[in-house]
1. Under 14 Å between alpha carbons, and skipping anything fewer than 8 positions from K160 in its own chain: which aspartates and glutamates qualify?
2. Could you list, bin by bin from short to long, the percent of Cα-Cα pairs of the chain in 10 Å steps?
3. Report the far tail of the P(r) of region 1-141, meaning the percent of Cα-Cα pairs longer than 22 Å.
4. Taking the Cα centre of the chain as origin, work out the dipole magnitude from +1 charges on Lys and Arg Cβ and -1 charges on Asp and Glu Cβ, in debye rounded to 20.
5. Only sites in a loop by DSSP and with at most 14 other Cβ atoms within 10 Å count here; which GluC sites (Glu not before Pro) in region 114-196 make the cut?
6. Per-residue ellipticity at 222 nm for the chain, helices alone: DSSP H runs ≥ 4 residues times -39500 (n - 2.57), over residue total, nearest 500 deg cm²/dmol?
7. Any idea what the relative contact order of the chain is, in percent, if you count C-alpha pairs under 8 Å spaced at least 6 apart?
8. Which residue, Y226, G159, Y236, has the largest displacement toward the positive end of the dipole of region 139-242 when charges sit on each Cβ (Lys, Arg +1; Asp, Glu -1)?
Amino acid sequence: MRIVSLNAWGGRLYEPLMPYLADVDADVLCLQEVVRTQDADSRWLVYRDHGVELPQRANLFEELKAALPAYDAFFLPVARGDLFNGDRRFDSEFGLATFVRKTRPIIGQATGFVHGEFSADGYGPHPRSRNAHCIRLFDYERGYPITIAHMHGLRDLEGKGDTPARRHQANALVEIIRQVRQEGDRLVVCGDFNVLPDSETFEILGSLGLVDLVTSRGHDDTRTSYYKKQPRFADYMLVTPNVEVVSFDPVAEPEVSDHRALLLDMR
């Protein structure tokens with residue numbers, strides 16, 4: 001089974017992103033920073049925040065659905081806020097997306113907020129709301145279930161260090177997972193956590209028996225050349241000991257975001 005986790009960066013690198021996700025042949029795609037704008041009149045809109053302007057693919061989720069017809073698709077917004085086409089404002093939803101190959105039936109799932117709550121009237125002040133999605137699916141080929149969860153961790157303008165909000169976030173993620181996972185399930189947890197490798201987040205997730213593949217295998221970079229700052233950690237993928245890791249790669253090429261895709265082959 002192949003699992004890919006990626007912060008899609010609002011589809012900013014749309015041209016390489018779409019063929020990569022279509023061709024990577026994942027069984028499960030766990031995507032963060034996905035956009036859906038119901039009444040957009042352009043394929044591209046602009047996100048504005050305190051003088052920063054970022055292009056966003058207006059209907060990235062719908063375009064992904066069209067490009068991935070063999071997958072069940074789930075969109076889980078954290079907020080509805082403003083995107084712009086010149087002076088025109090559009091209500092746009094922002095959040096997580098999960099794509100699961102239809103031959104892998106989903107036999108349980110839960111979603112919830114790990115920080116804040118849904119905002120229908122703007123993205124809100126930083127640190128903004130964040131959510132997680134957990135699914136339990138069945139692998140017909142191997143004859144067992146597997147639980148997979150991903151989240152987009154909160155972004156704190158003060159940095160990626162531990163805070164009470166991040167402690168709450170990690171505990172909330174554990175509770176969402178416990179709603180879905182059954183005893184003995186193989187478990188994979190991934191996403192853009194927005195924390196450093198020494199974060200107490202990993203001690204909290206360790207209560208589920210999880211070990212991170214990024215740091216435990218000596219990887220020290222989960223960002224691409226589009227990200228110019230230090231440190232270079234943001235994305236993680238954790239597994240329980242009963243997951244047989246065939247291969248794991250923080251993918252350096254192609255660059256499809258300012259984050260690297262994390263690619264796990266397991267059995």
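The values are calculated or read from the model by the stated rules, or taken from the named source; none is laboratory data. Keep in mind that what you see is a predicted model, and the values were worked out from it rather than measured. Glycine also receives a Cβ, built like all others from the backbone with ideal geometry; neighbour counts cover every protein chain displayed. Keep in mind that these areas ignore ligands, DNA and RNA; they rest on the heavy atoms of the full protein, side chains included. Shrake-Rupley method; radii C 1.70, N 1.55, O 1.52, S 1.80 Å.
1. D192, D198, E200, D235
2. The distribution over the chain is 7, 32, 39, 19, 3, 0, given as percents.
3. The proportion of pairs with Cα distances above 22 Å equals 39 percent.
4. 220 debye
5. Passing sites in region 114-196 are E117, E141, E158, E183.
6. It comes out at -5000 deg cm²/dmol, rounded to the nearest 500.
7. 19 percent
8. Looking along the dipole axis, the top candidate is Y226.
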